[in-house]
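The values are calculated or read from the model by the stated rules, or taken from the named source; none is laboratory data. Bear in mind the structure is a predicted one, so any value in this text is a computation, not a measurement. When we count neighbours, we look across all protein chains shown, and the Cβ atoms used for this are built from the backbone with ideal geometry, even at glycine. Accessible surface is based on the protein model in full, side chains and every heavy atom, while ligands, DNA and RNA are left aside. Shrake-Rupley method; radii C 1.70, N 1.55, O 1.52, S 1.80 Å.
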Amino acid sequence: MANELLTSLLSEYEQKKHRAEKDAELRKKELYERIPRLQEIENELNSAAINTAKSILSGGSDSIETLTQKVEKLKKEKENIFKENSISSDFLEPHYECNICKDTGYIQNGTSASTICSCLKQKLLDISYNKSNISNIKKENFDTFNPNIFSDKPEPEKYNINFSPRQNILSIKEKCIEFIDNFENPDYHNLLFTGNTGLGKTFMSNCIANELIKRGKNVFYQTAPVLLETVIDNKFNKYKTSTQDNFYKNVLETDLLIIDDLGTECLNSMKLSELFTILNTRLLNLNNKITKTIISTNLNINSFFRNYEERIGSRIAGFYDIYYFFGDDLRLRKK
């Protein structure tokens, strides 16, 4: 099943690459028809490249210098034409979905060796594990973040806080951006979002996930009940499939693990043990790989530390920044 999935994805990648390169050729053809001088410049540059190669082989240093000057002059002319016509410098380049691997799914390491690109890793994670969660990651981002849906009225008597929900969410947004910008810093803390339902915890997690995916990081997103049940099933090899075999490895090693709705799972000693192992292992940054975690919970801080054993609480207190979401349930308000 895993091999079939990879084969299918690579076929999609090949089609995307072909489309991007075909579109680039069409743009070039249309542009050269509109500005014929650009076609002439390309032909002259190609001719100069051939003549330079011939000159190098024949040892003619004077002609090489002349050809180099001609090439620079042609490139400058092309650059000026682009500026005069407000054409972007990459207009004639293929617009790949992933500029890292150029829609091949793999990155060459200078030799024949290659490694799987982060974009393909993410697609495999999304299909195998993230499933419905990924649709929200794609549409919930900082571009669609609207602070105006949060009340700008402080209600200290209701929330025991002297600033408004809007001020709070804007402050949390800034801290989330700091988290993204400092992701590679092993000393920068993980995040714990706490507060009632419908206050933006999942939305903010998705915003972070969206930005990190853009930066080539992999994101594993699961609700706590599904995560812990699957980890235990995987540990006892209940399903005996390669997908399940890889689940635990991905939980421990993915760049960003998002555990949503912690506190909604049915707790027992085995799940507590597995949760501790996951959190603790990810804090160790094994194999010099930075791994960060975001946890969201509807439990208040007191309930959280009361429900989870001391060693879990100590990891949260020592290695997580805790942010409290408060206000009215946004799902009950008109947007």
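In a residue-by-residue description of region 224-243, the property of being among the aromatic types (Phe, Trp, Tyr) and either part of a helix (DSSP H, G or I) or modelled with pLDDT of 90 or more (or both) applies to no position. If you go through region 303-319 and keep only what is more than 30 Å from the chain's Cα centre (by Cα), part of a helix (DSSP H, G or I) and surrounded by fewer than 16 Cβ atoms within 10 Å (Cβ to Cβ), you end up with SER303, ARG306, ASN307, GLU310, ARG311. Residues in region 246-254: is at least one farther than 30 Å from ASN99 by Cβ, at pLDDT below 90 and open to solvent by 20 Å² or more (accessible area, probe 1.4 Å)? Checked against the condition, which is being farther than 30 Å from ASN99 by Cβ, at pLDDT below 90 and open to solvent by 20 Å² or more (accessible area, probe 1.4 Å), region 246-254 yields at least one hit. Among the residues in region 56-63, are any modelled with pLDDT under 85, on the phi > 0 side of the Ramachandran plot and out of contact with any Leu (no Cβ under 9 Å at 6 or more places or on another chain)? Yes, region 56-63 contains a residue that is modelled with pLDDT under 85, on the phi > 0 side of the Ramachandran plot and out of contact with any Leu (no Cβ under 9 Å at 6 or more places or on another chain). The set of residues in region 192-210 that are in contact with a Cys (Cβ under 8 Å, 6 or more places away or on another chain) and crowded, with 23+ Cβ neighbours inside 10 Å comprises MET204, ILE208.
Taking region 211-234 as the range and being free of Cβ contacts under 8 Å to residues at least 24 places away in the same chain and either under 20 Å from ASN182 (Cα atoms) or open to solvent by less than 40 Å² (accessible area, probe 1.4 Å) (or both) as the test, the residues that pass are LYS214, THR230, ASP233, ASN234. When you look at ILE290, is it in a loop (DSSP other than H, G, I, E, B) and either in contact with a Cys (Cβ under 7 Å, 6 or more places away or on another chain) or touching a residue at least 60 places away in the same chain (Cβ under 8 Å) (or both), yes or no? It is true that ILE290 is in a loop (DSSP other than H, G, I, E, B) and either in contact with a Cys (Cβ under 7 Å, 6 or more places away or on another chain) or touching a residue at least 60 places away in the same chain (Cβ under 8 Å) (or both).
Kindly indicate whether LYS123 is open to solvent by 50 Å² or more (accessible area, probe 1.4 Å), at pLDDT 90 or above and touching a Leu at 6+ places or on another chain (Cβ under 7 Å). Here the answer is no, as LYS123 does not meet what is asked. Would region 157-164 turn up any residue that is among the polar types (S, T, N, Q) and open to solvent by 20 Å² or more (accessible area, probe 1.4 Å)? Checked region 157-164: at least one residue is among the polar types (S, T, N, Q) and open to solvent by 20 Å² or more (accessible area, probe 1.4 Å). The condition of being in contact with a His (Cβ under 9 Å, 6 or more places away or on another chain), touching a residue at least 24 places away in the same chain (Cβ under 8 Å) and under 19 Å from LEU283 (Cβ atoms) holds for only one of PHE179, PHE183, that being PHE179. Checking the structure you have, find out if any residue of region 288-304 is aromatic (Phe, Trp, Tyr) and farther than 19 Å from LYS201 by Cα. There is no residue in region 288-304 that is aromatic (Phe, Trp, Tyr) and farther than 19 Å from LYS201 by Cα. The single residue among THR281, THR293, THR277 that is surrounded by 14 or more Cβ atoms within 10 Å (Cβ to Cβ) and within 30 Å of PHE145 (Cβ to Cβ) turns out to be THR293.
Yes/no per residue for (1) touching a residue at least 24 places away in the same chain (Cβ under 8 Å); (2) within 27 Å of ILE169 (Cβ to Cβ); (3) in contact with a helix residue (DSSP H, G or I) (Cβ under 8 Å, 6 or more places away or on another chain):
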position: TYR248; (1), (2), (3): no, no, yes
position: ASN302; (1), (2), (3): no, yes, no
position: TYR320; (1), (2), (3): yes, yes, no
position: LEU330; (1), (2), (3): yes, yes, yes
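For region 186-215, a tally of residues being assigned to a loop (DSSP other than H, G, I, E, B) and more than 24 Å from ASN280 (Cα to Cα) returns 6.
Scoring LEU67 on the criteria (1) at pLDDT 90 or above; (2) part of a helix (DSSP H, G or I); (3) more than 30 Å from THR104 (Cβ to Cβ) leaves a single failure, condition (1). For ASN302, the stated conditions do not hold, so it cannot be described as of a type outside the set (Asp, Glu) and at positive phi.
Looking at (1) under 30 Å from ASP152 (Cα atoms); (2) modelled with pLDDT under 90; (3) open to solvent by 30 Å² or more (accessible area, probe 1.4 Å), find the lone condition where ASN288 falls short. Checking ASN288 against (1) under 30 Å from ASP152 (Cα atoms); (2) modelled with pLDDT under 90; (3) open to solvent by 30 Å² or more (accessible area, probe 1.4 Å), the one that fails is (1). Restricted to region 1-39, and to residues there that are touching a helix residue (DSSP H, G or I) at 6+ places or on another chain (Cβ under 9 Å) and open to solvent by 90 Å² or more (accessible area, probe 1.4 Å), the residue that is modelled with the highest pLDDT is GLU33.
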